[in-house]
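Beneath this line is the structure, given in structure tokens, with notes to follow.
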Amino acid sequence: MPKIKFFSHFGKRYDDLFIPVHLRESPLSLRKARVLVFIHLFLVIISVLFEVANSMYPGVESPATKIAIVVGLTLVFIFKRYGNFNISGNLLGFCLFLIFLESVFKTGGLYSDNLLWMMATPLIALLFANTQSGMIWLGTLIGVTIFFFVLDVQNPGFYRNQTTSLDAAYYFITYTGLFIMVVGIVLIFATGQSMIIKALDEKQKELTRQKAELARQTQALLEAEEKLKAINIELEQFAYSASHDLKEPLRMIGSYTQLIKRKLAPHIEGSTEEYMGFVTDGVARMEKMLNDLLEYSRLGRNSEQMKEVDLNETLLTVMKNLMAAMRDTDTAIFANGLPMLKSSATEMMRLFQNLIANSIKFRNGDRTPVIDITCQTDGEAHRFRFMDNGIGIPDEHRQSVFNIFERLHSNQKYEGSGIGLATCKKIVNSLGGTIWVEPGENHGTAFVFTIPKERQN
């Protein structure tokens, strides 16, 4: 681990010292810049070693090492200053060309090993500058080779005591063929590499654009979510205020209707008394709806008071509350072991009571009401199923029954405000779950809902 940190720190220092900031933005340009700087520094180190060797063995012929050291450091500074691969690649090739050209003159011309080292010039230009620069330097190198060939042919013995035109032609053809072959191979690989790099770069740009688009969409979704939360809060406050504030004038209407009825009782005809009964009944039903709406608007306001609730105890409490209705209808309830759940005890009791009361209300007159309650653990959620043998719900209404004030039957046949199942949906959703309707056995109904074990805040 310390070694990794050391090399990471060293690499950062290396980049800070030698590589321009704009070339560090892309991994490909950063890698290319590191290699180019390494070649500069490597040539400086080699020149230093040659200079040390020259001081120890003065008679050994070598390139102009002192000039090479100064030039190498200068080129490092130029690359750091401008960060241009074309300029630095051609300058490095040009300096190597001049240094080795001077050595070729001193060490045998066409027969000098330093002539082979001059091949580094077109290769460096090809790899770091561009293809055009590499081909120009290849042509220059071949021209220099032709010059030394002509010089050797026209001046026999200029570099060797005994030489022939055939000997010079052999070296000329060998070097020229080697230069062209090596540059050609490198050009093929460099072209393929550039195509791969270009494709990778385009892919990286596309991924960057997609990432930016996803970030924009995520931000838009977050803003929409915040607006939706604000709208929901505003709607809940409106429902609470409306249901709360409307109760008083409604209560006043009912009270004055009763007073008028008692005061005018001796003079009221049968039809008038019936009409006033309609008013009283409407006021009672409206007050019931407002009370239900008020309770509906309060759901979720105490969600911070979550605690572990034993749903078995919740079911027993609900059965005590509905004991009269169960006794009148001979309702039977069966349940397996229910789990502990982190939730609001009051809201879970309302959820269970609404579902059971719904099954009792919409019972089938030909059968004794039976309600089967089961719970299974499905992955990371509890799956509850309340199944009855009642009149059932048509397929086309299995989604709409959870809408607020949605009623499938007239008030004369089945009383209610149409808020009970909407309340169930709101409670389940507030716990991070979902609720839906499935067909039950014997044409009954099964209300199924899931609640996560761990609530996501």
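Among (1) under 35 Å from the mean Cα position of the chain (by Cα); (2) modelled with pLDDT of 85 or more, which single condition is F6 missing?
(2)
Looking at G109, G134, which is the one that is closer than 14 Å to F172 by Cα, buried (at least 17 other Cβ atoms within 10 Å of the Cβ) and either among the aromatic types (F, W, Y) or in contact (Cβ under 8 Å) with a residue 24 or more places away in the chain (or both)?
G109
Consider L73 against the criteria (1) in contact with a Phe, Trp or Tyr (Cβ under 8 Å, 6 or more places away or on another chain); (2) modelled with pLDDT of 85 or more: it satisfies all of them except one. Which criterion is unmet?
So L73 meets the others, but not (1).
Scan region 73-105 for residues that are farther than 23 Å from Y14 by Cβ, touching a residue at least 40 places away in the same chain (Cβ under 8 Å) and among the aromatic types (F, W, Y) and report the count.
1
Please go through region 429-447 and pick out each residue that is surrounded by fewer than 18 Cβ atoms within 10 Å (Cβ to Cβ), in a strand (DSSP E or B) and either under 30 Å from the mean Cα position of the chain (by Cα) or among the charged types (D, E, K, R) (or both).
Passing the criteria: T434, E438.
Aliphatic (A, V, I, L, M) and touching a Leu at 6+ places or on another chain (Cβ under 9 Å) - does that describe any residue in region 46-60?
No.
Mind counting the residues in region 347-377 that are of a type in the set (A, V, I, L, M, F, W, C) and either under 13 Å from T317 (Cβ atoms) or free of Cβ contacts under 8 Å to residues at least 12 places away in the same chain (or both)?
Total meeting the criteria: 5.
Would a scan of region 51-74 turn up a residue that is among the aromatic types (F, W, Y), assigned to a helix (DSSP H, G or I) and surrounded by fewer than 21 Cβ atoms within 10 Å (Cβ to Cβ)? Don't jump to the end; show me each part of the working.
Going residue by residue through region 51-74, those that are among the aromatic types (F, W, Y) are 57.
Retained after the next criterion (residues that are assigned to a helix (DSSP H, G or I)): none.
Checked against the condition, which is being among the aromatic types (F, W, Y), assigned to a helix (DSSP H, G or I) and surrounded by fewer than 21 Cβ atoms within 10 Å (Cβ to Cβ), region 51-74 yields no hits at all.
Could you list, in sequence order, the residues of region 376-391 that are modelled with pLDDT of 80 or more and out of contact with any Cys (no Cβ under 9 Å at 6 or more places or on another chain)?
Q376, T377, E380, A381, F386, M387, D388, N389, G390, I391
Return yes or no: is A215 modelled with pLDDT of 75 or more, assigned to a helix (DSSP H, G or I), hydrophobic (A, V, I, L, M, F, W, C) and over 28 Å from A422 (Cα atoms)?
yes
Okay, residues lined up against (1) at pLDDT 70 or above; (2) closer than 23 Å to K361 by Cβ; (3) more than 54 Å from the chain's Cα centre (by Cα); (4) of a type in the set (S, T, Y):
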{"position": "K261", "(1), (2), (3), (4)": "yes, no, yes, no"}
{"position": "H267", "(1), (2), (3), (4)": "no, no, yes, no"}
{"position": "E274", "(1), (2), (3), (4)": "yes, no, yes, no"}
{"position": "G277", "(1), (2), (3), (4)": "yes, no, yes, no"}
{"position": "D281", "(1), (2), (3), (4)": "yes, yes, yes, no"}
{"position": "E295", "(1), (2), (3), (4)": "no, yes, no, no"}
{"position": "L316", "(1), (2), (3), (4)": "yes, yes, no, no"}
{"position": "D328", "(1), (2), (3), (4)": "yes, yes, yes, no"}
{"position": "P339", "(1), (2), (3), (4)": "yes, no, no, no"}
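Would you mind finding the one in L115, L110 that is of a type outside the set (G, A, S), more than 52 Å from the chain's Cα centre (by Cα), in the same structural domain as L23 (by TED's automatic domain parsing) and closer than 23 Å to T131 by Cα?
Result of the check over L115, L110: L115.
The values are calculated or read from the model by the stated rules, or taken from the named source; none is laboratory data. Keep in mind it's a predicted model, so treat the numbers as computed, not measured. Methodologically, a virtual Cβ is constructed for each residue, glycine included, from the backbone with ideal geometry; neighbour enumeration extends over all protein chains shown.
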